[in-house]
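Here the structure is laid out as structure tokens; the discussion comes afterwards.
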Amino acid sequence: MRAGRGLLCAVAAVVTGLWGRPAAAEPAPRVTAEGAFEAAVTHLARSFGPGDAASDLRPDDVLLPLRQAGLIGRSFDGTFDYYAWVRPRRPLAFLAHSVELVITEEKRGAFIGCCVDDGVTLVLREDGDRAALQQFADDLHCRLDAASTDSRASEALERSRPKVDPATRLALQCHFGVINQ
């Protein structure tokens, strides 16, 4: 047993020497980025709630951990009115559901009319525990529906490549107007 452990340590040392980092270091940034992303979405949604302290966090700020980890590009994949979206370049999960798009809405440039609704919408493929996702939505007063019922999600999916049928995806909407209905 001791010889096997020694061999394993020697292999790990060689791998570390070859690449300059421990062999197990690769998954850590993604896990950290997913955790930071989930925490940012949670913090943003809580800051919109009644009686909660206002936050300096803006909707676009939830994208920072993803950008820093290289999970999304430096710019948006698409924009429409006040909202913009990104498609993860590598697998990304939110509460064990695969993230297809992250849509943020805030006033970015010139005022184009009424009705900016600050917040974030996640377009998810339902491949995790739906009850846990619904509990998250209920706890933070967000809305969880089919993506086809959300105009932001439908528009972004229509304009994105590859095409995805909104009826086959979920939209988790955490916007100021939704939370304060």
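The chymotrypsin sites (Phe, Trp or Tyr not before Pro) of region 56-146 that DSSP puts in a loop, and whose beta carbon has at most 16 other beta carbons within 10 Å, are Phe111. Accessible surface computed residue by residue for region 51-181, with neighbouring protein chains in place and a 1.4 Å probe, gives 50 Å² per residue.
Take the solvent-accessible surface of the protein heavy atoms, probe 1.4 Å, and return the percent of it on region 27-176 that carbon and sulfur atoms account for. Percent of accessible area from carbon and sulfur atoms in region 27-176: 52. Across region 121-130, rounded Karplus estimates of 3J(HN,Hα) from the backbone phi angles (6.51 cos²θ - 1.76 cosθ + 1.60, θ = phi - 60°) give 10, 9, 9, 10, 8, 6, 9, x, 7, 5 Hz, Gly and Pro being marked x.
When the trypsin sites (Lys or Arg not before Pro) in region 121-176 are filtered for DSSP coil states and for at most 16 other beta-carbon atoms within 10 Å of their beta-carbon, the remaining sites are Lys163.
The values are calculated or read from the model by the stated rules, or taken from the named source; none is laboratory data. The structure presented is a predicted model; accordingly, all values stated were derived computationally and were not measured. Positions of Cβ are backbone-derived with ideal geometry, glycine not excepted, and every protein chain shown enters the neighbour counts. Note: areas computed on protein heavy atoms with side chains; ligands, DNA, RNA excluded. Shrake-Rupley method; radii C 1.70, N 1.55, O 1.52, S 1.80 Å.
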